[in-house]
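Encoded as structure tokens, the structure appears first; notes follow it.
The values are calculated or read from the model by the stated rules, or taken from the named source; none is laboratory data. Note that the structure is a prediction, hence the values are computed from the model and not measured. Backbone-built Cβ (ideal geometry, glycine too); neighbour counts: all protein chains shown. Side chains included, ligands, DNA and RNA excluded: accessible areas come from the protein's heavy atoms. Shrake-Rupley method; radii C 1.70, N 1.55, O 1.52, S 1.80 Å.
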Amino acid sequence: MSKKIILSGGGTGGHIYPAVAVAEALKRRLGDDVELLFVGAEGKMEMEKVPALGYRIVGLPVVGLQRQLTWHNLRNNIAIPVKIFRSLSKARKTIREFGADAVVGFGGYASAPVLWSAQRMGIPTLIQEQNSYAGLTNKILGRHARRICTAYDGMERFFPAANIVKTGNPLRGRFSKDSCPREEALRHFGFDAEKPVIPVVGGSLGTRALNEMMKAWISSLQGEAPVQVIWQTGKYYEREMRSFLEAHPTKGIWQGAFIDRMDYAYAAADVVISRSGAGTVSELCLVAKPVIFVPSPNVAEDHQTKNARALEEKGAALLVRDAECREKAMPAALELLADPQRLEQMSRNIEALARPRAAEDIVDEILKLIE
């Protein structure tokens, strides 16, 4: 008889793609002997992304609490109790009709109703916490989860120590420091081997602070950069930043809204400047690249800063505050490039934190719960 597993989480790619990575690992391991169902929040990105990858998904009417005081948010917050009740009812019905053997949650309010319902129905639950500071949903529901899979040390602050297993964060794709030849990566971006390479990565939507940092730095040059830069602007800022670069043509700059081949960007990189979301941190550990983190200040519980500090404390990364990155991040990167010994040490330190089998290890824990 095939095993039936619900995977839940959503709202951001940071919750969705770890769930998809585990789904892919389950299919690799069990093939036709596993049936998977995703549960997300109506109207959120998972309702489009998950079916596009070939998985079935059920949407719940659950919504998150809006902290900013506006009339729209006030109306949203007033409706939350009704939507929670409806979500719990639909979650219980979904679990019963699907016949779930286990429910796995990946964070975000979308996972709360189905995890809470499963726990009260006696169905084993597992939580995967991506960050070094646990999110509210996971902290509450982790008290009754059979297993909590984490990526950082010290998570007994949030969860029962006996139930914690350090697996790392599951990633889609095959990231490693030997994933592709550097020469091939340099050709992809039109670069040569004579100058070092710095990817500046602000996420798919883009990051105002990192884009302003690049504008200020390019404005200080005389039409040619002393290093080669892969500048990922994000889709929100693509037109503005493309216009800026057209007005300030500078040799050695590759610019794009997205980086379709992150394996090439990492292979070409000597130092990376990046946000510190959980998935990005895990990728950088696998590719063993020295990194300067510029954490986003606009995330729950300031978890990106906590992620970055966890690596900084191990000598695996540097941290520059968002408000200071315009003046400090690029000079810090150039200073690192002038110190090969420090670069090599940072590379060794970050590689020591890599967990290349995270998805497979989480599958091991799921199967232990239901076998």
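Considering only the range 317-331, state which residues are assigned to a loop (DSSP other than H, G, I, E, B) and in contact with a strand residue (DSSP E or B) (Cβ under 8 Å, 6 or more places away or on another chain).
Answer for the range 317-331, where residues must be assigned to a loop (DSSP other than H, G, I, E, B) and in contact with a strand residue (DSSP E or B) (Cβ under 8 Å, 6 or more places away or on another chain): Ala317, Val320.
May I ask you to say which residue of Leu353, Leu311, Leu334 is open to solvent by less than 80 Å² (accessible area, probe 1.4 Å), outside any loop (DSSP other than H, G, I, E, B) and within 23 Å of Glu129 (Cβ to Cβ)?
Only one candidate qualifies: Leu311.
Could we say that Leu210 is closer than 30 Å to Tyr236 by Cα, touching a helix residue (DSSP H, G or I) at 6+ places or on another chain (Cβ under 8 Å) and open to solvent by 10 Å² or more (accessible area, probe 1.4 Å) here?
Spelling it out, it is not the case that Leu210 is closer than 30 Å to Tyr236 by Cα, touching a helix residue (DSSP H, G or I) at 6+ places or on another chain (Cβ under 8 Å) and open to solvent by 10 Å² or more (accessible area, probe 1.4 Å).
Of (1) free of Cβ contacts under 8 Å to residues at least 40 places away in the same chain; (2) in a helix (DSSP H, G or I), Gln255 satisfies all except one. Which?
Of (1) free of Cβ contacts under 8 Å to residues at least 40 places away in the same chain; (2) in a helix (DSSP H, G or I), only one is false for Gln255: (2).
Considering only residues that are of a type in the set (Lys, Arg) and within 23 Å of Gln255 (Cα to Cα), which ones fall in the range 163-195?
Passing the criteria: Arg182, Arg187, Lys195.
Kindly provide the set of residues from the range 255-268 that are modelled with pLDDT of 95 or more, under 24 Å from Ile350 (Cβ atoms) and open to solvent by 30 Å² or more (accessible area, probe 1.4 Å), ordered by number.
Passing the criteria: none in range.
So, in the range 222-237, how many residues would count as being in a helix (DSSP H, G or I) and open to solvent by 70 Å² or more (accessible area, probe 1.4 Å)?
Matching residues across the range 222-237 total 2.
Sort through Gly168, Gly154 and tell me the only one that's at positive phi, modelled with pLDDT of 90 or more, open to solvent by less than 20 Å² (accessible area, probe 1.4 Å) and not polar (S, T, N, Q).
Gly168
Quick one: which of Gly107, Gly31 is within 28 Å of Ala358 (Cβ to Cβ) and either modelled with pLDDT under 95 or open to solvent by 70 Å² or more (accessible area, probe 1.4 Å) (or both)?
Only one candidate qualifies: Gly107.
Residue under question is Arg147, and the condition is that it be of a type in the set (Lys, Arg), surrounded by fewer than 17 Cβ atoms within 10 Å (Cβ to Cβ) and on the phi < 0 side of the Ramachandran plot; does it hold?
Here the answer is no, as Arg147 does not meet what is asked.
For every residue, the table says whether it meets (1) part of a loop (DSSP other than H, G, I, E, B); (2) within 20 Å of Lys44 (Cα to Cα); (3) open to solvent by 30 Å² or more (accessible area, probe 1.4 Å); (4) among the aliphatic types (A, V, I, L, M).
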site	(1), (2), (3), (4)
Phe85	no, yes, yes, no
Ser89	no, yes, yes, no
Lys93	no, no, yes, no
Val114	no, yes, no, yes
Ser132	yes, no, no, no
Asn138	no, yes, no, no
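Can you name every residue in the range 172-209 that is in contact with a Gly (Cβ under 7 Å, 6 or more places away or on another chain), over 17 Å from Lys289 (Cα atoms) and either of a type in the set (Gly, Ala, Ser) or assigned to a helix (DSSP H, G or I) (or both)?
Answer for the range 172-209, where residues must be in contact with a Gly (Cβ under 7 Å, 6 or more places away or on another chain), over 17 Å from Lys289 (Cα atoms) and either of a type in the set (Gly, Ala, Ser) or assigned to a helix (DSSP H, G or I) (or both): Gly203, Ser204, Gly206.
For the range 285-303, what are the residues that are open to solvent by less than 20 Å² (accessible area, probe 1.4 Å) and assigned to a helix (DSSP H, G or I)?
Of everything in the range 285-303, those that are open to solvent by less than 20 Å² (accessible area, probe 1.4 Å) and assigned to a helix (DSSP H, G or I) turn out to be Cys285, Val287.
Residues checked against (1) in contact with a strand residue (DSSP E or B) (Cβ under 8 Å, 6 or more places away or on another chain); (2) in a helix (DSSP H, G or I); (3) at pLDDT 95 or above:
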| position | (1), (2), (3) |
| --- | --- |
| Leu37 | yes, no, yes |
| Val58 | yes, no, yes |
| Gln66 | no, no, no |
| Arg96 | no, yes, yes |
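Pull up the range 269-284, narrow it to residues that are more than 17 Å from the chain's Cα centre (by Cα) and over 10 Å from Ile230 (Cβ atoms), then point me to the one that is least open to solvent (accessible area, probe 1.4 Å).
Ranking the candidates gives Val271 first.
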